[in-house]
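The values are calculated or read from the model by the stated rules, or taken from the named source; none is laboratory data. Keep in mind it's a predicted model, so treat the numbers as computed, not measured. Glycine also receives a Cβ, built like all others from the backbone with ideal geometry; neighbour counts cover every protein chain displayed.
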Amino acid sequence: MRKPKTMRKIIVGGGVIGLSLAYELAKRKHDVVLLEQEGFGEKASWAGAGILPPTCRATAIHPMEVLEAISSEIHELWAEELQQLTGVDNGFRKCGGLYIARSAGEVAALTGMQFEWESRDILFEELKVDEAVERLSFLNSDSKVHRDEIVPNISKALWVPGESQFSNPTHLAALVSACQSLGVTLHEHAGMCQVQVANGSLAGISTGGEEFVGDQYFFTAGPWTEQLIKPLEIVLPMQPVRGQIALYKVDPLSSAFGLPVINDGSRYLVPRTDGHVLAGATIEEVGFDCRTTASEVEELRGWAESFGGNLSDATFIRSWAGLRPATYDGFPYLGKLGDSGNAFVATGHFKSGLHLSTGTAVVLADLADEKEPTVDLRPFSPARVTCHQATEIK
Ligand SMILES: Cc1cc2nc3c(=O)[nH]c(=O)nc-3n(C[C@H](O)[C@H](O)[C@H](O)COP(=O)(O)OP(=O)(O)OC[C@H]3O[C@@H](n4cnc5c(N)ncnc54)[C@H](O)[C@@H]3O)c2cc1C
């Protein structure tokens, strides 16, 4: 019997999107080359917090909701699969999420989320203030501390059992190791890749004096994708949005309610089981500047330490920043690029790239294999930019 023809796939950009796609394509026995200018997953994919929000496949209607729901399902499968393949536990756990609101604006925003969860059959429970404080008890080992010293002025609190988290740095390490064992050709520190065009079409990728030619090309370079694909004369407007995080280490944590993600207005605390606690995150439009700033980190620390107890006594370890890849309309760019038929893009996942990485990998691999993806990709089509611009010009 003849072996099915394998197609050489070249992926440019080794963040969580590029690595997940490489992993999925390699599982399908394709010949995959992954090119990364620096270290794998060192940018936003490492910098993120690893929160996986609750979803419900049965009620998902909009393609974005479907993508979110299948991504959640695949995360659960991959966590196990990656552990079996590589021995690495990526820390995936259904930890639950506590949402608290203090100001009138926060109460309104949380009530809006509550209505959305209700309409999508996403489980949640309204908590009394004392119940909310109990779920925060892992932040305070001294049970005599008064609840107002733990977190003052809670006006509304919801408990969302379906929220999950994983350790994204560990997940990235597991993906690299899995790609290695599945035979992906991995090039990190490959230098800045450039698109080569000959006779008006995509002819290959060049970097560091080497040229890579494949049957199909995938651009997964985060906020740098706009610049990367310019030689193809395709416009994909992107905006880097900086996020800063502060990291603490406390004695390993435990609580009768587990270690949930704490969502306080627009900020969050993510407790890991080993005692690390992430406090995040800022949302700043400062171009490609990925430095931390003393004022923002101080503000984050002031907020985190206002929870008192374990966090105000904790060791502050360090802070970092990452650039989220944002698009002009809030939807990622997923699909074929232009008329060539052999170029694809997957980027622009903004605040949800870690979550959506699994579903993105599967639908993009389906597209490349000429299978009907489980998600209707029309709202994510890169071609929508041209339509949008044409409408604006009229
Ligand atoms: C503070 C913060 C918190 C976050 N929290 C969460 C969260 O809790 N949950 C969630 O789902 N998401 C979260 N996110 C968002 C998530 O991290 C991003 O959406 C996701 O990591 C984007 O992945 P990516 O692979 O597209 O981009 P990146 O991680 O930026 O990877 C792109 C890669 O392409 C490479 N590259 C660029 N140009 C070239 C070139 N010319 N040649 C070769 N390589 C190139 C870069 O070096 C980089 O490694 C957070 C982000 C931040 C910053």
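Here are a few things to note about the model shown:
- Annotation for the stretch 235-255: at least one member residue is away from the ligand (no atom under 13 Å from the Cβ), closer than 23 Å to V385 by Cβ and aliphatic (A, V, I, L, M).
- Any hit, the stretch 29-42, residues being within 12 Å of the ligand (Cβ to nearest atom), in contact with a Ser or Thr (Cβ under 7 Å, 6 or more places away or on another chain) and in a loop (DSSP other than H, G, I, E, B): no
- Residues (over 24 Å from T170 (Cβ atoms) and either surrounded by 21 or more Cβ atoms within 10 Å (Cβ to Cβ) or of a type in the set (D, E, K, R) (or both)) located in the stretch 48-68: R57, E65
- Any chance L300 is farther than 30 Å from Q216 by Cβ, within 16 Å of the ligand (Cβ to nearest atom) and not assigned by TED's automatic domain parsing to the domain that holds L34: yes
- Scanning the stretch 300-322 for residues that are in contact with an Asp or Glu (Cβ under 8 Å, 6 or more places away or on another chain) and among the hydroxyl-bearing types (S, T, Y) gives a single hit, S312.
- In the stretch 341-360, the residue that is nearest to the ligand (Cβ to nearest atom) out of those that are closer than 28 Å to G200 by Cα and of a type in the set (A, V, I, L, M) is A346.
- Filter pass, S45 being within 13 Å of the ligand (Cβ to nearest atom), part of a helix (DSSP H, G or I) and buried (at least 23 other Cβ atoms within 10 Å of the Cβ): yes
- Residues being under 20 Å from the mean Cα position of the chain (by Cα), part of a loop (DSSP other than H, G, I, E, B), surrounded by fewer than 19 Cβ atoms within 10 Å (Cβ to Cβ) and not aromatic (F, W, Y) are entirely absent from the stretch 118-131.
- Only residues that are in a helix (DSSP H, G or I) and buried (at least 17 other Cβ atoms within 10 Å of the Cβ) were counted across the stretch 356-384, and they come to 15.
- Whenever a residue of the stretch 189-207 is within 9 Å of L232 (Cβ to Cβ) and assigned to a strand (DSSP E or B), its partners that are within 10 Å of the ligand (Cβ to nearest atom) and not hydroxyl-bearing (S, T, Y), lying with C-beta atoms within less than 7 angstrom and at least six residues away or across chains, give the pairs V195/I205; V195/L228; V195/I229; L202/V195.
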